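The values are calculated or read from the model by the stated rules, or taken from the named source; none is laboratory data. Nothing here was measured: the structure is a model prediction, and the numbers come from that model. Note that each Cβ is placed from the backbone with ideal geometry, even for glycine, and that neighbours are counted across all protein chains shown. These area figures cover heavy atoms from the full protein model, side chains too; ligands, DNA and RNA do not enter into them. Shrake-Rupley method; radii C 1.70, N 1.55, O 1.52, S 1.80 Å.
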Amino acid sequence: MSAETVQGLRRDAVGLREVLFQSVTAMAPAAAVAASIPSGAAFAGGSLPLSVLIALVACLFTASCVAELARELPAAGSVATYAAQGLHPAVGFLVGWGYVFVEALVPPLLLLQLGFTTAGTLHQEWSSYPESLWWPWALAGAAIIAAAGWFGVRASARFGTVLGVFEILVFLVFAIWLIGKAGSANTLSVFGTSHTGKDYSGLGGVFAGSVYTVLAFAGFEAAAPLAEETRDPRRTMHRAALGIGLFYVLTTYAMAVYFGPDRFAGFGASGAASWEGVARASFGLFWVLVFLAVVNSTIANANACATVSTRTAFALARIRVLPRVLATLHPRHRSPVAGIAVQTVVAVGAVLGLGFGYDPVTAFLLLATVIVTVVIGVYIVVNLACAGYFLRRRRELLKPVRHLLVPLLGIVAFVPALLTAAGLPVFDFVTELTAPVSYAGPVVGVWMAAGVVVLLVLLRRHPERIAETARVHLDELASSGLSQNGAVQP
């Protein structure tokens, strides 16, 4: 079917439920619970639930800023538009340049995890299945995500909702089961500092753990690029941003009290001392559901982030700071088909190139470090943009706590995580990265330097395009009385 370039994405395509699960699945709840969060156990030990709670609060500071800006600026450009409006259009362009880059890398990251997780589990069950045969599963996941994106945001978001409900239900049931089995071992002391790792005692261990657990929350802003396709975007975006997080606290608490707070520092992402290991040892075939939830989570997360990258690319292509072809929409589904095609090529290329160039696990770690470095930087800029927007443009709506103090706290909370992701040993719990993961910093530097070059060229030749990063197309359509296809609205 042919495609055409039109003015806008499909209006009122999704509602609160789909938008909420866009954020939830972008955080990959099952994969985060099983892999990301346990990385903080070596520092926080049995006090890891407190670390998760601290990370949740830190992320909610930025989530509040995203919600405030999304309510005022419902734009597919999301963080790029926020930075352009709150700080400067040039900053908005650079934020969009970096954000499109890393969000395009999230699907291959998750497809790598899908590949090695599935191959490893099959090898463990049937030794005749080679662990090296991971790539067909990654390619199958890429095909599923491309198909979901092709049929439009409604199909993609509903697909993500189904996957998100499944993985959350599995881990919620397992968590409640663990709490029940823990019996008298249930204790609120895990929300204190008495169970931290031996080398990271007290609050130092808790904060060290929170630096790593905060990475599990990356993606909570993924609902923002759907603003132009959401029913009542101002209200819906605000409610969706506030509806994320406590799932991690409950599940981490459940495993900590069941496994034993004083030996939880040895808990990890694989082996007997892991979610799958505990499920295998204690709950029979329930481990299969845990495995399926993690696999499901990788697909749901990749699908959500593919939606983010293609919508952000569409918004920047619409104003011609990226190639205009990325603004091409399917005439029926109104999905950015050119962006989806490019996203699929990037995903498959990165998966096969890095996966075979190194190995899938090493490739996963390299991509994760690149992504985290840029995403946390974007969060810090969004906090600044929130303060800037209400100080400069909407002073009559300025609320000092919500628009000044909260952004400041968000910035402070994310600085340690940024240093950790970049491997800068400013604190004792930050370790220097080793090759090839250490290549992440230079990769990010080269990409952002290229963005600066493009920015300078556009400022010289087409300055109006950079200025348009601050446009909110949804508001302009509404004020003109036109629908996105040019028809007069009733």
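For the range 350-359, give me each residue that is in a helix (DSSP H, G or I) and either touching a Pro at 6+ places or on another chain (Cβ under 7 Å) or open to solvent by less than 20 Å² (accessible area, probe 1.4 Å) (or both). Selection gives A350, V351, G355. Taken across the range 49-64, residues that are modelled with pLDDT of 80 or more, closer than 30 Å to T187 by Cα and hydroxyl-bearing (S, T, Y) do occur, with at least one present.
Considering the conditions (1) surrounded by fewer than 23 Cβ atoms within 10 Å (Cβ to Cβ); (2) without any contact (Cβ under 8 Å) to a residue 40 or more places away in the chain; (3) not basic (K, R), G377 is excluded by exactly one of them, (2). If the condition is being over 21 Å from A293 (Cα atoms) and modelled with pLDDT under 90, then the range 148-184 contributes G149, W150, F151, G152, V153, R154. Restricting attention to the range 304-327, the residues being within 14 Å of the chain's Cα centre (by Cα) and among the hydrophobic types (A, V, I, L, M, F, W, C) number 4. Every condition in (1) under 25 Å from A34 (Cβ atoms); (2) at pLDDT below 80 is met by R239 except one, and the failing one is (1).
The residue that is farthest from the chain's Cα centre (by Cα), counting only those in the range 114-130 that are assigned to a helix (DSSP H, G or I) and at pLDDT 85 or above, is H123.
For the range 106-129, the criterion of a residue being among the small types (G, A, S), in contact with a helix residue (DSSP H, G or I) (Cβ under 6 Å, 6 or more places away or on another chain), open to solvent by 10 Å² or more (accessible area, probe 1.4 Å) and within 29 Å of V443 (Cα to Cα) is satisfied by no position. For the criterion of being closer than 25 Å to E167 by Cα, within 21 Å of the chain's Cα centre (by Cα) and part of a helix (DSSP H, G or I), T251 passes. Quick check, is V290 more than 24 Å from H195 (Cα to Cα) and either part of a helix (DSSP H, G or I) or aromatic (F, W, Y) (or both)? So V290 fits the description; yes. Of the candidates S47, S64, the single residue that is touching a helix residue (DSSP H, G or I) at 6+ places or on another chain (Cβ under 7 Å), of a type in the set (S, T, Y) and surrounded by 24 or more Cβ atoms within 10 Å (Cβ to Cβ) is S47. Does V345 satisfy the condition of being on the phi < 0 side of the Ramachandran plot and out of contact with any Pro (no Cβ under 7 Å at 6 or more places or on another chain)? For V345, the condition - on the phi < 0 side of the Ramachandran plot and out of contact with any Pro (no Cβ under 7 Å at 6 or more places or on another chain) - is met. The condition of being out of contact with any Gly (no Cβ under 8 Å at 6 or more places or on another chain) and not in a strand (DSSP E or B) holds for only one of T310, T362, T298, T373, that being T362. Contact map, the range 55-76: residues that are in contact (Cβ under 8 Å) with a residue 12 or more places away in the chain paired with residues that are acidic (D, E) and in a helix (DSSP H, G or I), Cβ distance under 7 Å, separation 6+ or inter-chain. Pairs shown: V66/E221; P74/E228; A75/E228; A76/E228.
Under the condition of being surrounded by fewer than 13 Cβ atoms within 10 Å (Cβ to Cβ) and of a type in the set (A, V, I, L, M, F, W, C), the residues counted in the range 174-203 number 1. Pairs meeting the criteria (first residue in the range 182-201 and free of Cβ contacts under 8 Å to residues at least 40 places away in the same chain and part of a loop (DSSP other than H, G, I, E, B), second residue open to solvent by 40 Å² or more (accessible area, probe 1.4 Å) and among the hydroxyl-bearing types (S, T, Y), beta carbons under 9 Å, at least 6 apart or on different chains) are S201/T193.
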